[in-house]
1. Name the residues in region 50-73 that are out of contact with any helix residue (DSSP H, G or I) (no Cβ under 7 Å at 6 or more places or on another chain), over 15 Å from residue 125 (Cβ atoms) and surrounded by 16 or more Cβ atoms within 10 Å (Cβ to Cβ), would you?
2. Looking at region 166-176, which of its residues are touching a residue at least 12 places away in the same chain (Cβ under 8 Å) and not polar (S, T, N, Q)?
3. Go through region 167-253 and tell me which strands (runs of 3 or more DSSP E), entirely inside it, have 2 or more residues that are touching a Cys at 6+ places or on another chain (Cβ under 7 Å) and surrounded by 15 or more Cβ atoms within 10 Å (Cβ to Cβ).
4. Scan region 179-200 and tell me whether some residue there is over 26 Å from residue 24 (Cβ atoms) and either in the same structural domain as residue 62 (by TED's automatic domain parsing) or at pLDDT 95 or above (or both).
5. When you check residue 174 against the structure, is it of a type in the set (A, V, I, L, M), closer than 21 Å to residue 237 by Cα, in contact with a Leu (Cβ under 7 Å, 6 or more places away or on another chain) and modelled with pLDDT of 95 or more, yes or no?
6. Exactly one condition in (1) assigned to a loop (DSSP other than H, G, I, E, B); (2) assigned by TED's automatic domain parsing to the domain that holds residue 81; (3) of a type in the set (Gly, Ala, Ser) is not met by residue 153; state its number.
7. Any idea which of (1) modelled with pLDDT of 95 or more; (2) farther than 17 Å from residue 169 by Cα is the one residue 30 doesn't satisfy?
Amino acid sequence: METKPVWIEETYVRTYETDLRGKWRPSCLLQNLTHTASIHADHLGFDYPTLMEQDMVWVLSRLKIRFHEHPEIGQKVTIKTWPKGIQQKLFFMRDFDLRGADGRPLAVATFAWLLINPKTRRILSPSVLGGAIPDNGGMSALDEPLEKLPIPGSLAEQISVEARYSTIDLLGHVNSARYMDWVCDCFPSEDYLDKQLDWLQLNYVNEIKPGERLSIAAGQDAGDPLHWYIQGSNLATGLKAFDAEVGWKDGSQ
């Protein structure tokens, strides 16, 4: 079978994936992106069972999504994804391009994945991965670096959450999409009626295990009321769990 360096999946926005506006929740969009990435990884020979046999597993480390238009209930979506090489000698980069059935752009994203040992939780060098992952000549959907985020220290707590059954995945820690829900929960429901998310970056810093509690704080950029910072702190370990930045646009779809 010929290896495909670029993968295309078609899906649609299901009723249970939508918010109060009938739009695709960001966490569900993220789940669809990671699922498509997983399908492509399987095709390339780097599927979960094969890697686990070698004490390796993919872990999402950083992501950024820019929204052109928020897909709505029943809308057909084409997800195009491809690896684009290794950055900072550590991150396996992968981009995504989302379009409607008519080819209209919906969103673009860039993700950074790490390879870790699931037993020790240590980060592995990309060189231990047998075989080659296409880098597609560095082709980009979103050509923006995923750097550490400059989170200010004056954020106010918005919510407190506990990692329970519904948030835990097969690696025994909080699933990446749940962080996205927590970020979105930092804003009142009314905000989503008169504004729309323009972009969002999320950096996963330390894993959250079952039973651990988080304090999630947020605050506006002093020079831009549509730019927000969010940070999650693990109350059980005292470690930072994640950093995020969110940009809004006036007006709703």
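The values are calculated or read from the model by the stated rules, or taken from the named source; none is laboratory data. Predicted, not measured: the structure shown is a model, and the values here were computed from it. Heads up, the Cβs are rebuilt from the backbone with ideal geometry, glycines too, and the neighbour counts pull from every protein chain shown.
1. Residues satisfying the conditions are 62, 63, 64, 65, 66, 67, 69, 70, 71.
2. Within region 166-176, 168, 171, 172, 173, 174 qualify.
3. 213-221
4. no
5. no
6. Exception for residue 153: condition (2).
7. Among (1) modelled with pLDDT of 95 or more; (2) farther than 17 Å from residue 169 by Cα, the lone unmet condition for residue 30 is (2).
Residues are listed down the side, and each one gets a yes or a no for (1) touching a residue at least 12 places away in the same chain (Cβ under 8 Å); (2) over 15 Å from the mean Cα position of the chain (by Cα):
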position: 178; (1), (2): yes, no
position: 184; (1), (2): yes, no
position: 189; (1), (2): yes, yes
position: 193; (1), (2): yes, yes
position: 205; (1), (2): yes, no
position: 209; (1), (2): yes, yes
position: 220; (1), (2): no, yes
position: 237; (1), (2): yes, yes
